[in-house]
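The values are calculated or read from the model by the stated rules, or taken from the named source; none is laboratory data. The structure displayed is predicted, hence computed values, not measured ones. As a convention, Cβ positions derive from the backbone with ideal geometry for all residues, glycine included, and neighbour counts pool all protein chains shown. These accessible areas exclude ligands, DNA and RNA; they are computed on the full protein's heavy atoms, side chains included. Shrake-Rupley method; radii C 1.70, N 1.55, O 1.52, S 1.80 Å.
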Amino acid sequence: QVQLVESGGGLVQAGGSLRLSCAASGSIFSINVMGWYRQAPGKQRELVAVITHSGTTNYADSVKGRFTISRDNAKNTVYLQMNMLKPEDTAVYYCNLRTIGSGSWGQGTQVTVSS
């Protein structure tokens, strides 16, 4: 079992920044992909950014150049630095960890960007 605990969400004005953190605990296979997804009201959950255990990253087009994903393998923690936030970034952000044959989700953290 893998547990994911997110932190760092909140309310920010457009143009501001937030940093999300997600700490994983439990039985974690070293080869994995960690990432962030988001879900706005009335919309499907969508990928924001993912990072492999070796540091390869992938971003949604909508956040490229504004968001940066990183991870600390020693701490089993993934981060999402969000800059130049826009009202359309408002959503619940979920942490995800995928490994061979399994995947886990965090409980989600609310990010609200006011105009």
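A compact table of results
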| item | result |
| --- | --- |
| 20 Å Cα-Cα reach of Lys86 towards lysines, excluding residues that sit fewer than 8 places from it in its own chain | Lys43, Lys64 |
| Average projected area [Cα convex hull, the stretch 15-73], square nanometres | 5.3 |
| ³J(HN,Hα) computed for each position of the stretch 100-111 - Karplus, 6.51 cos²θ - 1.76 cosθ + 1.60, integer Hz, glycine/proline x | 5, x, 7, x, 9, 10, x, 7, x, 9, 7, 10 |
| Separation of alpha-carbon centers, the stretch 25-53 and the stretch 86-106, rounded to whole Å | 4 |
| Nonlocal amide H pairs with Gly108, under 5 Å, H built at 1.01 Å | Glu6, Cys95 |
| Percent carbon-and-sulfur accessible area, the chain, ignoring ligands, DNA and RNA, probe 1.4 Å | 50 |
| Lys75 accessible area, assembled protein chains, probe 1.4 Å, Å² | 130 |
| Most to least packed among 50-60, 104-114 [average Cβ atoms within 10 Å] | 104-114, 50-60 |
